[in-house]
Every structure is written in structure tokens, then in C-alpha cells.
1. Given the conditions (1) crowded, with 16+ Cβ neighbours inside 10 Å; (2) more than 14 Å from every other protein chain (Cβ to nearest Cβ); (3) hydroxyl-bearing (Ser, Thr, Tyr); (4) not in a strand (DSSP E or B), report the number of the one that A:Ser49 does not fulfil.
2. Quick one: would you say B:Leu204 is within 8 Å of chain A (Cβ to nearest Cβ) and closer than 18 Å to B:Pro102 by Cβ?
3. Working carefully through the options A:Glu70, A:Glu120, find the one that is more than 9 Å from every other protein chain (Cβ to nearest Cβ), assigned to a strand (DSSP E or B) and acidic (Asp, Glu).
4. Given the conditions (1) within 14 Å of chain A (Cβ to nearest Cβ); (2) surrounded by fewer than 23 Cβ atoms within 10 Å (Cβ to Cβ); (3) modelled with pLDDT of 90 or more, report the number of the one that B:Tyr267 does not fulfil.
5. Only one of B:Leu122, B:Leu98 is in a helix (DSSP H, G or I), loosely packed, with under 13 Cβ neighbours inside 10 Å, in the same structural domain as B:Ser228 (by TED's automatic domain parsing) and under 18 Å from the mean Cα position of the chain (by Cα); which?
6. Is there any pair with a first residue in region A:240-251 that is at pLDDT 90 or above and a second that is surrounded by fewer than 16 Cβ atoms within 10 Å (Cβ to Cβ) and assigned to a strand (DSSP E or B) whose Cβ atoms are under 7 Å apart and which are 6 or more apart or on different chains, and what are they?
7. Between B:Arg265, B:Arg293, which is of a type in the set (Lys, Arg), out of contact with any Gly (no Cβ under 6 Å at 6 or more places or on another chain) and either assigned to a helix (DSSP H, G or I) or in contact (Cβ under 8 Å) with a residue 12 or more places away in the chain (or both)?
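The values are calculated or read from the model by the stated rules, or taken from the named source; none is laboratory data. Computed from a prediction, not measured in an experiment: that's the story for all the values here. Here Cβ is always computed from backbone atoms with ideal geometry, including for glycine, and neighbour counts include all displayed protein chains.
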Amino acid sequence: MTDGPAVEVRQVTKQFPGFARQPGSEVVAVDDVSLEICDGEFFSLLGPSGCGKTTTLRMIAGFEHPTTGEIYIHGKPMGLTPAHLRNTNMVFQSYALFPHMSIADNVAFGLKMRKVPRDETRRRVQDALDMVRLSNYGQRKPSQLSGGQQQRIALARALVNRPEVLLLDEPLGALDLKLRKEMQIELKTLQREVGITFVYVTHDQEEALTMSDRIAVMHGGRVLQVGPPIEIYERPNCRFVADFIGDTNLVDGVVQSQSGQEVTVHVDDEISFVVESDETFTTGTEVTVAVRPEKIRLLPVPTQGEPNSFPAKIDQMVYVGTDSRFKVRLSERVVLSVRQQNVISTSDPTAYYDAGAESIWAVWLRDAARILRN
Amino acid sequence: MTVGQAQQEKRGLLRPVGWRSGIQTLILIAPSLFWLVVFFAVPLIIVFVYSFLRRGPYGQIVWEFNLGNYARFFDPLYLNIFVRSFKIAGITTVVSFLVGYPVAYWIATRPVKTRTTLLLLLIIPFWTNFLVRTYAWVLILRDSGLINNALIGLGIIQQPLPLFGTDLAIIIGLVYGWFPDMVLPCYASIERLDFSLVEAAQDLYANELSAFLRVIIPLTLPGIVAGSMLVFIPALGAYVTPDLLGGAKSMMIGNVIQSQFLSVRDYPFGAAFSFVLMAAMLVATLVYFRVSRRTS
């Protein structure tokens with residue numbers, strides 16, 4: 001079973017017929033995507049709606065078939081194999097529990113279709129219900145369960161079949177925030193326990209960062225970046241990824257000079273940023289500098305020896321409990337978002353920053369920013 | 001009138017109190033009540049009373065209570081017609097389902113705009129008078145009709161097929177006549193079906209047949225039950241279709257009742273037969289709903 005990666009998507013393109021099936025009006029949902037998903041990995045496909053993540057998932061499941069390219073599951077090419085002959089199972093966004101069957105019959109459905117002996121089916125169904133901590137709910141109907149419970153049954157119904165790959169299509173989308181956070185942890189724990197490869201589709205970047213071993217960020221049918229959460233967050237490789245994952249300040253500039261890893265980017269007449277980069281840039285290249293709001297410090301004095309230390313004016317400040325959010329103006333054109341943790345409980349950050357509003361310094365380390373090619 | 005008064009007025013209409021509420025309710029239901037009493041309850045009672053009376057020598061009503069009309073129903077002649085009518089109505093219902101359900105499924109899975117057009121196309125023929133449409137089947141099915149002429153013309157058969165005047169002709173006519181009554185309720189429940197459930201079944205290793213039998217059919221059962229009742233009940237009491245398309249041997253309950261009232265002028269027996277038919281329909285309906293509720 002372990003020939004090659006759990007799932008390999010190789011140069012897959014998916015076109016849907018467009019308006020009135022006229023040639024030339026096809027919609028390209030997935031555009032030359034290649035991915036390798038390892039055994040036992042929690043892999044997320046992350047992107048805004050319409051980016052092709054769900055289509056990719058549905059092609060792995062067998063509900064759609066690639067226009068060109070091939071999908072391999074443990075080394076076996078899937079071709080036009082229909083969903084019911086694939087060793088994958090899916091957790092649907094709407095849960096898709098069969099409303100006319102009891103919970104136990106729902107969970108047993110896949111085993112029944114595979115003609116697993118009745119005794120074994122009963123035992124495995126009970127194990128699956130135990131696993132999602134709904135042991136005594138077997139005789140109920142789906143409509144008698146809450147959203148969170150239905151979601152766990154959907155999970156049990158898929159996992160009871162011990163699939164090679166579990167596919168999850170925004171399974172937490174319909175839950176409220178608090179329950180969603182709980183389920184994120186629960187899902188991640190469950191995945192570690194059962195050791196099954198999870199392919200998880202979401203548009204919620206925080207969810208992807210929390211749960212995934214690796215994330216593929218998709219946009220416009222293409223995969224922009226694949227990597228572990230830290231890499232995706234700290235070292236985005238393009239403007240879209242930097243902007244989509246978390247908050248970020250994007251400042252346009254032109255490369256002025258480079259010495260070693262230090263690149264100086266001219267922003268306007270008043271300011272230039274110094275950014276560390278492994279890449280080599282030729283002078284005059286138009287680039288974007290990305291700085292996360294939480295990496296910028298606001299200090300009452302300039303920092304010696306740090307090139308990214310600018311006098312700033314506070315345009316706006318919002319207190320949000322755990323931290324305070326600022327808009328600080330470095331120049332006529334450059335306004336940055338800054339987030340400061342409210343570390344000292346007794347002090348009123350408003351008063352503190354009001355006092356220093358005229359003479360505050362925004363500082364960040366040169367490896368805190370990223371330089372992105374346009 | 002101030003805003004406050006207007007609001008009070010409105011509240012009064014929505015939540016009437018005391019004797020006013022009773023009168024308002026009565027006024028509102030009076031037209032329907034009148035209609036039901038005068039055109040449904042009273043005739044029904046008259047027919048019910050007649051069914052226990054006796055026919056006089058000249059077809060008049062003799063006021064003499066007896067159960068003879070109901071006993072006559074068990075005459076093999078009438079019992080046969082009764083059983084055959086059930087058989088024809090049953091076959092009609094099954095055939096309507098087998099033909100209508102795929103049509104409903106196909107329409108319900110088209111794009112939304114196309115669906116409206118297709119439903120319209122389905123219904124348009126039924127804007128024509130029922131009698132005319134049934135008579136059209138006479139022209140199609142009779143010995144020198146469209147089908148036989150075409151088959152003979154093509155040299156496929158020498159003698160015309162005996163289509164006209166058979167049970168087959170009646171069934172064809174009934175299926176045709178109540179086709180939309182099967183398609184529309186099925187369409188309504190298929191259209192409401194959450195197709196991710198079908199995908200879920202396929203994802204759980206169900207092939208297309210299993211997914212159809214275990215998910216699609218059970219979840220659209222309400223539509224199937226409604227459609228079947230809408231076809232079965234009128235088919236059981238059919239009169240025009242067997243009269244035009246059936247032969248002398250293909251009488252159905254409806255024809256017996258008609259002849260008792262209009263030709264034989266035995267009102268009491270016709271009335272009794274009507275009530276037996278109604279009772280049978282009631283039982284059939286109850287059984288059907290009981291069964292379908294258990295399975296769904």
C-alpha cells in the first residue's frame with residue numbers, strides 16, 4: 001500500500017464546459033496543478049472560493065476526472081476510476097448524512113456496501129462511534145443531533161472504512177466559532193491517532209495554520225506555494241500568499257542596491273527599507289516588501305544600528321483586548337498596520353501612545369520583512 | 001386615523017377576541033363551507049340513502065330499506081369487474097411510475113431555466129379537452145389507425161394488431177391521461193433532493209444502482225406516494241377512457257356505475273356500487289400511506 005506518496009497529483013488540469021457548451025467558453029477550474037501528499041500527513045488546500053481547491057479534492061475522490069494529467073493514490077493511477085471503486089472517503093461540507101437512516105446505519109453504510117460480515121460491521125461501527133465520543137447515539141436519526149455531533153458522525157462514517165486517504169471539504173464551515181476551534185484540535189488529535197492521510201480543504205487560513213503539517217495555497221486554479229505553516233506564514237513566496245495568510249503590510253518599492261543578503265529598497269524620497277533575502281536582485285527591479293503588523297515595534301526612541309527604524313505618526317489606534325492595533329504613518333505615502341500586545345495590564349495603551357504620538361519610532365528587524373517579486 | 005389606531009386595527013384582525021373571533025371565522029369560511037355542504041355533503045348523503053333503497057319497475061325509487069344492492073355487488077359478474085378495475089388501475093400506476101419517474105428525474109437534473117421550459121412542454125398537451133385527447137388515441141390505436149397502418153405499410157405485419165378495445169388500450173389511455181400527475185410530485189421531491197447525499201453514497205462504495213435504491217428512492221418516496229395516489233384513484237374510477245378505448249368486455253367500475261344510472265336506471269344499485277368504490281379507495285389509500293410511512 002505504501003508505493004509512493006499517499007496522493008500524487010501530476011500536472012492536472014480540469015476544464016468545465018462553459019456557457020451553452022460552446023468551445024472557447026470553458027472554465028479552467030484547476031490549471032496544471034502538481035502535488036505530492038505524504039502518507040500520514042495532514043495536508044491542507046487553502047485558498048479563496050473559486051480557487052480550485054474543492055475541484056482538486058473532488059478529483060481525488062473520483063467525483064470529477066482530470067481533463068489532462070493524472071492522479072495517483074499510493075502509486076496507482078486513478079484514471080477514470082469512479083468514486084465507489086476508490087479507497088478514499090470524504091467528509092462533506094453539509095455532512096451529507098442520510099436522513100432516512102439511523103446513525104448506526106449511516107456509519108455502517110460503507111461496510112455494508114463492501115459486504116463486511118455483520119458481526120465485524122457491528123463491532124467496527126461501535127468502535128467508530130466510541131472514537132467520536134457518541135457511543136450511545138447509534139439508534140438516533142441525524143436530525144436529532146446537533147451540528148457538531150452530525151459533523152463527528154460524518155467523520156466516523158468515513159473513518160470506519162479505514163480509507164487510504166480521508167478527504168475533508170470545509171467540514172467545519174457550518175459550525176460556530178467556538179465549536180470550530182474545539183473541533184480543529186479534536187480533528188488534529190484524531191488524525192494523529194488513526195495515522196490516516198487527511199486532505200483538508202478550507203478557505204480559513206487560521207484553520208489551515210492550526211491543523212496542517214503542510215499547506216498548499218491555491219489561487220485561480222494554480223498552486224502558488226506548498227510548505228509547512230511556518231514557511232507559508234513567515235516566508236510567503238508571492239504577494240498573494242503574503243496577503244491571504246494573516247495580515248500584512250505590502251509596500252511597493254524599487255531595488256536600490258544589494259550587498260550580500262541585504263537588499264535596500266527605495267520606497268519614496270523619505271524612506272528606504274533594508275530587507276534580508278537569499279535571492280539576487282538587479283538594481284531598478286520593482287518589488288513589494290511585506291512586513292507583518294506584529295513584527296513592527298513602536299518605541300519612544302530610535303534603535304541604534306537598525307536600518308529599519310523610522311519616525312512615525314499614529315493615525316489611528318484600536319484597543320482589542322489582547323492587543324492594540326495602530327495605523328502609523330511613516331511618510332506621505334506609507335501607512336503601516338502595527339499590532340502591539342498589551343503586555344502590561346495596568347497601563348492604558350491609549351494614554352501611552354497618545355503621549356508619544358508626536359515622537360514614536362517604528363522598528364523592525366531586517367529579517368522580519370520579506371521581499372517579493374511583482 | 002393615527003398610526004396607533006391603525007396598529008390596533010391590525011392587531012384586532014390578527015388576534016380577534018371573544019364572540020367577534022367566532023363570527024369572523026364563520027364569515028371567512030362561509031364560502032367554502034357552503035360549497036362543500038351543497039355540492040359535496042348533500043349529494044353524498046342522497047346517494048348514500050339511495051344505496052339502501054330499491055328500484056321500482058319503471059326505474060323509480062321505492063322507499064324500502066334493504067341491503068340487497070350491496071349483496072348484488074358479490075355477484076361474480078360485478079366482482080370480476082371490480083377486481084379487473086383494480087388490476088388495470090394498479091398496472092397503470094406502476095407503468096406511470098416506471099415511465100414518469102425517469103422523466104421527472106431527467107427534468108429535475110437540468111439547469112433551472114431549462115426545467116421551467118420542460119415542465120411547460122409536459123403540461124401544454126393537457127390544456128386540450130380530455131375527451132378530445134382520449135379520442136385521439138382511438139385514431140392511433142384502432143385497426144385502421146396510425147400504428148397499424150404504419151406497421152402494415154412497412155410490411156412488418158399483415159393483419160392489424162388487436163390494440164383497440166383491449167385492456168392494453170385502456171392502460172395506454174390512462175397512463176397518458178394521468179402522466180403529469182405522476183411526474184409533477186416526483187419532480188418536486190427529486191428537485192428538493194440533496195445530491196451530495198448521492199455523492200456520499202457513491203463515496204461509501206455504493207454503485208449507481210445501490211445509490212439509487214438506497215438513497216434516491218427512499219428520499220423521494222413522498223413524491224412517489226403522492227404521484228401514485230394521484231394516478232391510482234382516478235384510474236380506478238375511470239369512465240371516459242375505458243368507454244372510448246375499451247371494448248365490450250373491458251368494462252370498469254366507472255362504466256358499471258354510469259350504465260346503472262343512465263341506461264338501466266337502477267339508481268340504488270349505482271349508488272351502492274359508488275359507495276363500494278369509495279370504500280375501496282379509502283382502504284387502498286390508508287394501506288398505501290401506512291406502508292410508505294413505515295419504509296420512509
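1. (1)
2. Details: within 8 Å of chain A (Cβ to nearest Cβ): yes; closer than 18 Å to B:Pro102 by Cβ: no.
The answer is no for B:Leu204.
3. Values: A:Glu120 fails: assigned to a strand (DSSP E or B).
Answer to the selection: A:Glu70.
4. All conditions pass for B:Tyr267, except number (1).
5. Numbers: B:Leu122 fails: loosely packed, with under 13 Cβ neighbours inside 10 Å.
Just one listed residue meets the conditions, B:Leu98.
6. Close Cβ pairs (under 7 Å, with a partner that is surrounded by fewer than 16 Cβ atoms within 10 Å (Cβ to Cβ) and assigned to a strand (DSSP E or B)) amount to A:Ala242/A:Leu250; A:Asp243/A:Leu250.
7. Of B:Arg265, B:Arg293, the one residue that is of a type in the set (Lys, Arg), out of contact with any Gly (no Cβ under 6 Å at 6 or more places or on another chain) and either assigned to a helix (DSSP H, G or I) or in contact (Cβ under 8 Å) with a residue 12 or more places away in the chain (or both) is B:Arg293.
Here's the yes/no breakdown for (1) modelled with pLDDT of 90 or more; (2) farther than 16 Å from B:Tyr267 by Cβ:
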site: B:Tyr50; (1), (2): yes, no
site: B:Phe82; (1), (2): yes, yes
site: B:Phe97; (1), (2): yes, yes
site: B:Phe126; (1), (2): no, yes
